[in-house]
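Visitor: Would you mind keeping the following structure in view while I ask a few things?
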Amino acid sequence: MSTPPSLHALIAALKTLPGIGPKSAQRMAFHLMQRDQKTAADLATALNNALIKLKHCSLCNTFSEVDLCDVCSDEKRQHTLLCVVEMPTDLMMLEQTLAFHGLYFVLMGRLSPLDGIGPKDIALERLLERASDGIVKEVILATNFTTEGEATAHYLAEMLRARGLKVSRIARGMPVGGELEHVDAGTLAQAMIERRSV
């Protein structure tokens, strides 16, 4: 039996999501079409709205519907501290700890030469411009403790130190190979408190 083109396209689209394999994508597609069409319609609407409304914050590069996100527009934040993370999920996790009161910059990725992701594929130029604004005094590198995250942190540390900035790295209060979005808030808070110079 051949799969209708629209159903095949839905399965193919679902397969592109992280952690979703061919069988899971197929089950999801059949579930949405057969048993839960309201959720499918809500999902389609939410996705369409996000595509239309979301853009990048002009300062920190995270997703926002306005020019400056809530964190960047908060005048109570410490503007001399800039924490660099890989993804918006990492920023959200750090915010949940209530341990950091500075500002952020989201790279929207990490260096990974094996995957063809180099310095031009993540927002390094925007980060350098942001960190060199004359206000930032310390850049805290909070990339993941994966091979790629460590390589990204090392690369950034060299570039930022060359511009006369103090650079620190969050402490290894988290497991080696761990990713920020999967760590409990207490461990992540301790890692932020015990950051060290690199």
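The values are calculated or read from the model by the stated rules, or taken from the named source; none is laboratory data. No experiment lies behind these values; they were computed from the predicted model shown. Every residue, glycine among them, receives a Cβ derived from its backbone with ideal geometry; neighbour counts consider all protein chains shown.
Visitor: Among the listed residues 51, 7, 43, 14, which satisfies the condition of being touching a Leu at 6+ places or on another chain (Cβ under 8 Å) and outside any loop (DSSP other than H, G, I, E, B)?
Guide: One residue alone meets the criteria, 43.
Visitor: Which one is surrounded by the fewest Cβ atoms within 10 Å (Cβ to Cβ), of the residues in the range 101-151 that are among the polar types (S, T, N, Q) and under 17 Å from residue 88 (Cβ atoms)?
Guide: Only one residue fits best here, namely 144.
Visitor: Quick check: anything in the range 75-91 under 23 Å from residue 155 (Cα atoms), touching a Lys or Arg at 6+ places or on another chain (Cβ under 8 Å), in the same structural domain as residue 164 (by TED's automatic domain parsing) and surrounded by fewer than 17 Cβ atoms within 10 Å (Cβ to Cβ)?
Guide: yes
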